[in-house]
Amino acid sequence: MKKIIVLIAILSSSLFIGSCEKIIDIDPVTIIPNDIVIESVADLDAVRNGMYDKMQGGNVLGGNGVSYAELLAQDTQVDETKDEVAQPFRLLEVYKHITSVQITALRDMWRDTYNAINVANIVLSAIDDETSSYNQNLQKDPNFTDQVKDQYRGEALLARAILHFELLKFWSSPYDINNAGNNTQAGVVLRTAPTLSGPDGLSKARSTVEECFTQIIADLQAAEQSLEQANVPTSKAYGSSLAATAFLARVYFQVGKNTEAAAAADKVIQSGKFALNADVKTAFQTKGFNITSEVIMQLVNLGNDGSNALSFRFQSNAAPLFGCSSLLFNTYSEVADLRRQNWFAEGPNNRVLVTKQDQIGVGNNNLILIRLAEMHMVRAEANFMNNANLDQVLESYNAIRSRANASTLTAIPANNFLRTLRSERRREMAFEGDRYNQIRRLFAADIDNNGVLDALARFDVQGNACELLFKIPQEEIAGTPDIEQNDC
């Protein structure tokens, strides 16, 4: 298995070969040797595990992205005196929407995410590209069955879709649902083929936002189909067909496809494979191969993985960098609300600390990528926007409220219920990175009682403002003359 480890390591260091300034300083003639191959299903399995390991990294899905999303939104209270926040090129620039190409952590996030995408593309090439040596070797392995192909293909497609969606969140303008089908604004670089030999194929312009979402949805649909054929509806540690369905619900909702979003969310809910935990905190406190009934997909932390930046930044009993804004905390107006009681704690100087992401015991908690509560919130709002399946709207809203020991409704109110749904989502999904998605979806922080979109009050910018976008790393710009920078 040593050759596979070498392969992944070389891929990690070669994605920016050929740029004027390299994130990782390597010999520009270094390429993957011809004798580094995938010879068996066991080798393919090792590469697939490497894909998840890269996804789990702090710069990818290991917590930094959630932290940045929370900083860009308005619900986080930041201790600006902490070195991690206040020093140049750290978190304060993200918080104040003044990022530049010089912030190393953001450059690393771009690089590491594309590294993970590249490994997903290698898995897909090995399975489906009959001209590749990888595939030709695998065809000789009797363990390379249709079930294996379907499962690993589905997992890689799911990973590629999730990762491209994460890149869009920070480096592209949001999808304008009022201009559906014609979102020609610059998205990110779509990479759907592996890079196997140095800089070949790396110079590539940004696709449009429309093209990016089209590819993401196609990948998720194909992932769902492949994983259904492989009979993998759920998984404790990997992708599954219902995880692909859940991400489809998230992405459909983001681009205004409310009918499709509601149907996908309902498919997950009605599957009977998941249930809201009785305890509002349980989902966030699992480790290793433990999983709760509410979690649809997670990234597992084993031993000394140490890949959960959320614990470091929010840990309530360890001088956390981030707390909860009074604006958000005051929306938990019912004292009996279990989220108010269990997700927050009183800190010094009247600071509200966030306990939702606290690490427990030894080792890092697992990283929750998507859970059932979000499916209920998607189904409720998407159906309500369509004036369809109103019984499901009320059912999902009450499911979230009832689990939290908050008051429920017997009927949908005649006025302002859309605002009620969005406010409930804000409370339920707090400090999971979701709030920023909703700001981008609405081009604003909220709607007032007259349905008017508000500005993002703290910085007086709209949710589609260029100031919210991260800069394309200079390495990518230097290596791709045609690439467009996020200049405001």
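The values are calculated or read from the model by the stated rules, or taken from the named source; none is laboratory data. In this text the structure is predicted, and so the values were computed from the model without any measurement. Glycine gets a Cβ as well: all are built from the backbone with ideal geometry, and neighbour counts include every protein chain shown.
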Which of the residues that make up region 170-188 are surrounded by fewer than 22 Cβ atoms within 10 Å (Cβ to Cβ) and in contact with a Lys or Arg (Cβ under 7 Å, 6 or more places away or on another chain)? Ala186
Out of all the residues in region 296-306, is one or more among the charged types (D, E, K, R), out of contact with any Pro (no Cβ under 7 Å at 6 or more places or on another chain) and farther than 29 Å from Ala249 by Cα? yes
Would you mention how many residues in region 161-194 are part of a loop (DSSP other than H, G, I, E, B) and among the aliphatic types (A, V, I, L, M)? 5
Report whether or not Ile269 is β-branched (Val, Ile, Thr), out of contact with any helix residue (DSSP H, G or I) (no Cβ under 8 Å at 6 or more places or on another chain) and modelled with pLDDT of 95 or more. no
I'd like the full set of residues that are assigned to a helix (DSSP H, G or I) and in contact (Cβ under 8 Å) with a residue 24 or more places away in the chain, limited to region 121-145. Asn121, Ile122, Val123, Leu124, Ser125, Ala126, Ile127, Asp128, Ser133, Tyr134, Asn137, Leu138
Would you be able to tell me the number of residues in region 461-481 that are crowded, with 22+ Cβ neighbours inside 10 Å, closer than 21 Å to Gln254 by Cβ and not hydrophobic (A, V, I, L, M, F, W, C)? 1
Elements of type helices (runs of 4 or more DSSP H) contained in region 327-423, each with 1 or more residues being surrounded by fewer than 21 Cβ atoms within 10 Å (Cβ to Cβ) and of a type in the set (Gly, Ala, Ser): 390-403
Select from region 225-237 the residues that are of a type in the set (A, V, I, L, M, F, W, C) and surrounded by 20 or more Cβ atoms within 10 Å (Cβ to Cβ) and write down the one among them that is farthest from Tyr252 (Cα to Cα). Ala230
Wholly inside region 60-120, helices (runs of 4 or more DSSP H) that include 3 or more residues that are surrounded by fewer than 22 Cβ atoms within 10 Å (Cβ to Cβ) are 83-86, 91-95
Scanning region 424-438 for residues that are in a helix (DSSP H, G or I) and touching a residue at least 60 places away in the same chain (Cβ under 8 Å), which turns out farthest from the chain's Cα centre (by Cα)? Arg427
If Ser241 satisfies every condition in (1) of a type in the set (S, T, N, Q); (2) more than 30 Å from Ser133 (Cα to Cα); (3) surrounded by 17 or more Cβ atoms within 10 Å (Cβ to Cβ); (4) touching a residue at least 60 places away in the same chain (Cβ under 8 Å) but one, which is the exception? (2)
State all residues of region 172-192 that are among the hydrophobic types (A, V, I, L, M, F, W, C) and under 14 Å from Arg206 (Cβ atoms); if no residue qualifies, say none. Ala186, Val188, Val189, Leu190
From the list Phe329, Phe314, which residue is free of Cβ contacts under 8 Å to residues at least 60 places away in the same chain and either among the hydrophobic types (A, V, I, L, M, F, W, C) or in contact with a Gly (Cβ under 6 Å, 6 or more places away or on another chain) (or both)? Phe329
Provide a single number: the residues in region 196-224 that are among the small types (Gly, Ala, Ser), crowded, with 16+ Cβ neighbours inside 10 Å and either assigned to a helix (DSSP H, G or I) or touching a residue at least 24 places away in the same chain (Cβ under 8 Å) (or both). 3
